[in-house]
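Structure first, commentary second.
The values are calculated or read from the model by the stated rules, or taken from the named source; none is laboratory data. Since the model is a prediction, treat every value here as computed from it, not as a measurement. Cβ coordinates were reconstructed from backbone atoms using ideal geometry, including for glycine residues, and neighbour counts include every protein chain displayed.
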Amino acid sequence: MAEDELTDKDRLVGYIDLLGGGLTVLGWAWFEQDPERRADIEFLINGEVAGSAIADRHRPDVEQAGRGDGRYGFAWPLAFAALPVAEEIVISARDRASRQELANAIKLSAGDLLARLKEFAARSEPGERKLAALRAAARLAPDDPWHALSLAEALRRDGQPEAAEAALRALLDQHPHFWHAHVALGNLARAGNDPSELWHGTARPRNWRPVMSGAGWMWPRSCGLSTG
């Protein structure tokens, strides 16, 4: 809707407060001349629509500021799958119908975003949102194998061994000498019915089974795997 087509009742006032610890976008929006109306807010990540939420949550601070009944808050869980590979991430919001933008878009560097994803995953209970955060971290930083390894471990703990195996195999396709992934795959293999079927690659070493050392499970030197 063009600016000159807006009536007084259509004019929106709103603000993005912050990206909360739960990686939820928090803020408020209201139509000052139509206070009973609740805004349908659309969220964009680097200009692409990523989700929406109705601004109808009660915000005592908004009510105390004299804005109607204060039920104009929103809390939108960040869509991890929509996060792009970019040097900077910009999260903005607008009214879906009129496309009026809310103030205070959130800007994060790629490094800051990865740190937030890791912190969120570390604090979260097992579940799909934790897994989604780990998937995003692994996708956004493919050169760092630890993100994908954390994802595989979370999948295993979540009772998804086949998905964990797939994640480890994909990791080893990119980082074939990442010793920790080979060990994780071996641990997963020992827990299955046929460990030999879980060896990564078409040809497995003659002496492929992991052995116990003082530091825990490791691969024998005859496997030819790097421990670096």
Inset, instruction - State whether one or more residues within the stretch 72-81 are surrounded by 17 or more Cβ atoms within 10 Å (Cβ to Cβ) and not hydrophobic (A, V, I, L, M, F, W, C). - result: yes
Inset, instruction - Could you grab me the full set of residues in the stretch 30-58 that are buried (at least 21 other Cβ atoms within 10 Å of the Cβ) and either farther than 27 Å from L83 by Cα or in contact with an Asp or Glu (Cβ under 7 Å, 6 or more places away or on another chain) (or both)? - result: W30, F31, A39, I41
Legend entry - Pairs with Cβ under 6 Å, 6+ apart, first in the stretch 145-165 and within 14 Å of G192 (Cβ to Cβ), second part of a helix (DSSP H, G or I) and basic (K, R): A164/R156
Legend entry - Condition met for A138 (assigned to a helix (DSSP H, G or I), small (G, A, S) and out of contact with any His (no Cβ under 6 Å at 6 or more places or on another chain)): no
Inset, instruction - Check off (1) in contact with a Pro (Cβ under 7 Å, 6 or more places away or on another chain); (2) of a type in the set (K, R); (3) assigned by TED's automatic domain parsing to the domain that holds R11 for R96 and give me the number that stays unchecked. - result: (1)
Inset, instruction - Tally the residues that are in a helix (DSSP H, G or I) and surrounded by fewer than 21 Cβ atoms within 10 Å (Cβ to Cβ), restricting the search to the stretch 173-182. - result: 4
Inset, instruction - Please specify each residue of the stretch 179-194 satisfying the condition of being closer than 21 Å to A137 by Cβ and without any contact (Cβ under 8 Å) to a residue 40 or more places away in the chain. - result: H180, A181, V183, A184, L185, L188
Legend entry - Identity of the residue in the stretch 44-80, free of Cβ contacts under 8 Å to residues at least 12 places away in the same chain and among the aliphatic types (A, V, I, L, M), that ends up nearest to K130 (Cα to Cα): V49
Legend entry - Residue pairs meeting the criteria (Cβ under 9 Å; at least 6 apart or on separate chains; first buried (at least 17 other Cβ atoms within 10 Å of the Cβ), in the stretch 100-126; second of a type in the set (S, T, N, Q)): L102/S92; I106/S92; K118/S150; A121/S150
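Yes or no, residue by residue, for (1) at pLDDT 95 or above; (2) under 30 Å from P77 (Cβ atoms); (3) in the same structural domain as F80 (by TED's automatic domain parsing); (4) buried (at least 16 other Cβ atoms within 10 Å of the Cβ):
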{"residue": "S150", "(1), (2), (3), (4)": "yes, yes, no, yes"}
{"residue": "A154", "(1), (2), (3), (4)": "yes, yes, no, yes"}
{"residue": "L171", "(1), (2), (3), (4)": "yes, yes, no, yes"}
{"residue": "A184", "(1), (2), (3), (4)": "no, yes, no, yes"}
{"residue": "G214", "(1), (2), (3), (4)": "no, no, no, no"}
{"residue": "G228", "(1), (2), (3), (4)": "no, no, no, no"}
